[in-house]
Amino acid sequence: MPFKDGMSADKQTPAAYNFFWWIVHMVEKMNVWAMADAQDRAIEKRVRRIASILDNAEIPYAVIGGNAVRAWVQTVDPSAVRATRDVDIIIPEGKLADVIVAAENDGMTFRHAKSVDMLLESPDGKARDAIHVLQGDFEPVRLDGISVVALADLVRMKLDIYRLKDRVHLLDMIETGLIDATWPARFELQLADRLRYLIENPEI
């Protein structure tokens, strides 16, 4: 027992006092890890749920964004996988109505807000937990049982948007060897310069 006879922490020896706060710190840290792990599993479940719905409905799709980066990084270095909250998919133009029907038949709810099409896992779901649906052209690749956007298309998307998190995702792909020094030649000048800069400055 670190504390004796009901004495308060400030009456204990320094070693016992430090041990008590080390235990408190470790419990808090374990709680944070547990919460992060639970959130991570919930996001993966969300991705696989919409993938299963669209596969069963035979509707073409691809996971894009951070979860696509995660899937590609997983293929070469699972230890480098980065958690991401956003779930984004792309579908062909004109297929949104079919996606809505398939998703609602599985208990999901469609919502359009601020020019964004999204699917919620329940009628009272929160927008930050939504699946964002984009429409456009894409090339899907099958990874770990789900359709993910082709690596070249994913890199182009990240270079086009180029927010901080997009640069971080690009650096993850550079660090794991998915992108190398030959890649800038695949893109037009502005995107090539952006990618070349990240390859040459991976510590930014």
Going residue by residue through region 168-174, the Karplus relation 6.51 cos²θ - 1.76 cosθ + 1.60 with θ = phi - 60° gives ³J(HN,Hα) values, rounded to whole Hz and with x marking Gly or Pro, of 4, 5, 5, 5, 4, 6, 5
5 Å is the cut-off here: which amide hydrogens, built 1.01 Å from N in the peptide plane, fall below it relative to V87, excluding neighbours closer than 5 in sequence?
H132
Rounded to the nearest Å, what's the spacing between the alpha carbon centres of region 55-111 and region 132-169? Just the number, please.
10 Å
Per residue of region 53-68, in order, report the coupling 6.51 cos²θ - 1.76 cosθ + 1.60 (Karplus, θ = phi - 60°) as ³J(HN,Hα) in whole Hz, putting x for Gly and Pro.
4, 6, 4, 5, 8, 6, 9, x, 7, 8, 6, 10, x, x, 6, 6
If we count other beta carbons within 10 Å of each Cβ, what is the order of S122, S52, S115, fewest first?
S115, S122, S52
Show me the ranking of peptides 95-103, 69-77 by mean Cβ neighbours inside 10 Å, starting with the highest.
69-77, 95-103
What is the sum of charges around D172, taking Lys and Arg as +1, Asp and Glu as -1, for the other residues whose C-beta is under 13 Å from the C-beta of D172?
+2
Three-way shape label, region 112-204, alpha-carbon gyration tensor, a/c 1.5
prolate
Run through all the Cα pairs of region 45-204 and give the fraction in each 5 Å bin from 0, expressed as whole percent.
2, 9, 18, 21, 18, 14, 10, 6, 2, 0
Give me the distance in nm between label points sitting 7 Å out from Cα along the Cα-to-Cβ direction at D124 and N56, one decimal.
2.4 nm
Karplus couplings for region 78-83 from phi (6.51 cos²θ - 1.76 cosθ + 1.60, θ = phi - 60°), rounded to Hz, Gly and Pro as x?
x, 6, 9, 5, 10, 5
Given a Förster distance of 22 angstrom, what is the FRET efficiency for T75 paired with I161, based on the Cβ-Cβ distance and rounded to 0.05?
0.45
For A150, other-chain or 5+-apart residues with amide H closer than 5 Å (H placed, Pro excluded) are E139, V141
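Computed from the coordinates by the stated procedures, all read-outs in this text should not be read as laboratory data. The structure displayed is predicted, hence computed values, not measured ones. Here Cβ is always computed from backbone atoms with ideal geometry, including for glycine, and neighbour counts include all displayed protein chains.
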